[in-house]
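Notes follow once the structure below has been shown.
Just so it is clear, none of the values below were taken in a lab; they were calculated from the coordinates. Remember, predicted model here, so these are calculated numbers, not experimental data. Because the Cβ atoms are built from the backbone with ideal geometry, glycine has one as well, and the counts that use them run over all protein chains shown.
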Amino acid sequence: MSKVLVIGCGGVASVAIQKCCQVSDVFTELCIASRTKSKCDALAEKLAPITKTKITTAQVNADNVEELIALIKSYGPDLVMNIALPYQDLTIMDACLACGVNYMDTANYEPENTDDPEWRAIYEKRCKEEGFSAYFDYSWQWAYKKKFEEAGLTALLGCGFDPGVTQAYCAYAAKHEFDTIDTIDILDCNGGDHGYAFATNFNPEINLREVSAPGSYMENGRWVEVPAMSIKREYNFDQVGEKDMYLLHHEEIESLGKNFPDVKRIRFFMTFGQSYLDHMRCLEDVGMLSTTPINYNGQEIVPIQFLKALLPDPASLGPRTKGKTNIGCIFTGTKDGKPKTYYIYNVCDHQECYKEVGSQAISYTTGVPAMCGALMMLTGQWTKPGVYTVEEFNPDPFLDALDKYGLPRSENRAPALVD
Ligand code: NDP
């Protein structure tokens, strides 16, 4: 019996909400709150006839802590699921602390305005000290650790697929498969085709910021940064086939480096088609990925936000996308004194997802882990005061829940390795 407040009602949130409604004995009451209330109302209306979960809706601007506090106080949830945007992570964490409520999200904090001088000074110091230049990092949310500990509250960070399930795979490998892990390669393959020359699978602004940033990986505890898309490999993915993939900076490398300090190298690769890369390069070259406002005909516009308005809404890709995703981790290390390799991954079919929840697999592979993470917290399996990432909790019940609710694991004990 629990009451949950979900903030956001976009592509990922709508999957997570539908999955919560499939587990009504735990998610007994749900409030869907977002900036655009009509989207929350439409989803609540769709779900009302098919779920026992009691759903209400609310309008909230999650950039405003006072508004959030008023909403949380009036609803009285056991958990707030932040499935809005990373820009809102800190305001929602502040509101949870003020109201004494547990918190979770699916992506680590980054600011909406990267030109803010106060943020910029801290960011530039971090770039120098840490050696990676992505706009997002965990330091902002890890800074809340003591406050959550003192309040006796749990904050679970980054509980989507990657970050999220990939870290549970790492915790699982460390617990059951290896005595020592030497290397981790996280491979994210989207073999889906939506028929557009260019579209992003989740929020375009967040997605394009991520993939246009320099790539980086961790080696012997230190970041190595390389120009964006400069490291390319080919890999033959189970049920998808041969794909080109590129090394990217990705947020879970940071927390895995901290929580598994003996691992010698951690890398992240994502597949991209040539058309996506050509379009992205061109848009970047003409300044369309910029977050700095420009004045156009007397009106201020942010180029990347204008681009977002032009691109297909990721939620609209569902009916058009065919093919599968394959996301997982390849490990090398030792067990019982012998060298060992191990690959654990999930394959997800875009059209199967669409049939079940009306979304493509990218939203599905993020929304299902968000529901499963919430399930772990609400059933008391993942609660400890403080701020934690997924690999810091017991992976077993979480992976069991993923197996049960739509993202079953596959394993390969002799995988091809990435050079
Ligand atoms: P969408 O843009 O589809 O949805 C975002 C939602 O948040 C919308 O409903 C939007 O409202 C709402 N929102 C935005 N700003 C505010 C605000 N100030 N106050 C209240 N509501 C707000 O994004 P996605 O669903 O694609 O992504 C959601 C999250 O999932 C992101 O943080 C993304 O980074 C993360 N993600 C994580 C992945 C993982 O594997 N870990 C993979 C993919 C995504 P409105 O309708 O008014 O715009």
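Using a Förster distance of 51 Å, how high is the FRET efficiency between Ser410 and Tyr296, based on the Cβ-Cβ distance and rounded to 0.05?
Values: r = 49 Å, r/R0 = 0.97.
The formula returns an efficiency of 0.55 here.
Taking the beta-carbon count within 10 Å as an exposure proxy, list His249, His176, His279 from fewest neighbours to most.
Details: His249 24, His176 11, His279 16.
So the residues, fewest neighbours to most, are His176, His279, His249.
Roughly how compact is the stretch 133-177, stated as its Cα Rg over 2.2 N^0.38 Å to two decimals?
Working: Rg = 13.3 Å, N = 45, 2.2 N^0.38 = 9.3 Å.
For the stretch 133-177, the normalised Cα radius of gyration is 1.43.
Using the basic label-point model (7 angstrom from Cα toward the beta carbon), what is the Asn220 to Val26 distance in nanometres?
4.3 nm
If the only charges are +1 at each Lys and Arg Cβ and -1 at each Asp and Glu Cβ, what is the size of the charge dipole of the stretch 65-172 around the Cα centre, to the nearest 20 debye? Walk me through the intermediate numbers first.
Details: 8 positive and 18 negative charges, 63 e Å.
Using only the charged Cβ atoms, the result is roughly 300 debye.
Extension gain Arg126-Ser230, at 0.36 nm per residue separation less the Cα-Cα distance, in nm?
35.2 nm
Among the listed pairs Lys175/Lys258; Lys258/Lys324; Lys39/Lys324; Lys232/Lys322; Lys19/Lys308; Lys52/Lys404, give every one whose C-alpha distance is greater than 21 Å.
Flagged as over cut-off: Lys258/Lys324; Lys39/Lys324; Lys232/Lys322; Lys19/Lys308.
Counting each DSSP H run of 4 or more residues in the chain as -39500 (n - 2.57), what helix-only mean residue ellipticity at 222 nm follows after dividing by all residues, to the nearest 500 deg cm²/dmol? Please list the in-between numbers first.
Working: 15 runs with 151 residues, N = 419.
Theoretical 222 nm ellipticity from helices: -10500 deg cm²/dmol.
Distance in nm between label sites at Asp244 and Tyr135, each 7 Å beyond Cα in the beta-carbon direction?
Taking the simple label geometry, Asp244 and Tyr135 are separated by 2.6 nm.
Could you give the distance between the Cα centres of the stretch 170-232 and the stretch 85-162, to the whole Å?
Using only Cα atoms, the two centres lie 20 Å from each other.
Could you point to the residue in Phe306, Ala228, Tyr345 farthest towards the positive end of the stretch 165-358's charge dipole, with +1 and -1 charges on the Cβ of Lys/Arg and Asp/Glu respectively?
Of the listed residues, the answer is Tyr345.
Through the Karplus equation 6.51 cos²θ - 1.76 cosθ + 1.60, θ set to phi - 60°, convert the phi angles of the stretch 282-299 into ³J(HN,Hα) values in whole Hz; use x for Gly and Pro.
For the stretch 282-299, the Karplus curve yields 5, 4, 5, 4, 8, x, 6, 8, 5, 9, 8, x, 10, 9, 10, 6, x, 10 Hz.
Summing +1 for each Lys or Arg and -1 for each Asp or Glu, what net charge is found among the other residues whose Cβ lies under 15 Å from the Cβ of Pro204?
On the way: positive: Arg209, Lys308; negative: Glu110, Glu112, Glu205, Glu210, Glu284, Asp313.
Value of the local net charge: -4.
Evaluate the charge dipole of the chain about its Cα centre and quote only its size in Debye, nearest 20, assuming +1 on the Cβ of each Lys and Arg and -1 on the Cβ of each Asp and Glu. Before the final figure, lay out the partial values.
Working: 39 positive and 57 negative charges, 147 e Å.
Charge dipole of the chain: 700 debye, to the nearest 20.
In vacuum, with every alpha carbon of the stretch 1-85 counted as one equal point scatterer, what does the Debye formula give for log10 I(q)/I(0) at q = 0.24 Å⁻¹? Two decimals, please.
Relative scattering, expressed as log10 I(q)/I(0), comes to -1.19.
Just the projected area, averaged over all directions, of the convex hull on the alpha carbon atoms of the stretch 329-413: how many nm²?
Spelled out: convex hull of the Cα atoms, projected over all directions, averaged, 7.1 nm².
Shape call for the chain from the C-alpha gyration tensor, a ≥ b ≥ c root eigenvalues: rounded (a/c under 1.5), prolate (a/b greater than b/c) or oblate? Intermediate values should be presented prior to the final figure.
Numbers: a/c = 1.27, a/b = 1.12, b/c = 1.14.
Rounded is the answer for the chain, as its axis ratio a/c remains below 1.5.
Which cross-chain or sequence-distant (5 or more) residues have an amide H under 5 Å from the amide H of Cys31, H modelled 1.01 Å from N in plane?
Val4, Leu5, Val6, Thr56
Please list the non-local residues whose amide H lies under 5 Å from the amide H of Ser290, H modeled 1.01 Å from N, same-chain partners needing a gap of 5 or more.
It is Ile304, by chain and number.
When the Karplus curve 6.51 cos²θ - 1.76 cosθ + 1.60 is applied with θ = phi - 60°, which whole-Hz ³J(HN,Hα) does each residue of the stretch 138-147 get, with x for Gly and Pro?
Ordered by residue, 3J(HN,Hα) equals 7, 4, 4, 8, 4, 5, 8, 3, 4, 4 Hz.
For the stretch 165-358, what D do you get in µm² per second when you plug the Kirkwood radius from alpha-carbon pairs into Stokes-Einstein at 4 °C and 1.567 mPa s? The partial results should precede the final answer.
Working: Rh = 18.4 Å.
Calculated translational D: 71 µm²/s.
What are the ³J(HN,Hα) couplings of the stretch 166-178, residue after residue, when phi is run through the Karplus curve with 6.51, -1.76, 1.60 and θ = phi - 60°? Round to Hz, x for glycine and proline.
4, 6, 5, 4, 5, 5, 5, 4, 5, 7, 10, 10, 10
Between Thr379 and Lys322, what is the label-point separation in nm under the 7 Å Cα-to-beta-carbon projection?
Result for the modelled spin labels: 3.8 nm.
Amide H of Thr180: which non-local residues (sequence gap of 5 or more, or other chain) have their own amide H closer than 5 Å, using H built in the peptide plane?
Amide H neighbours of Thr180: Thr334.
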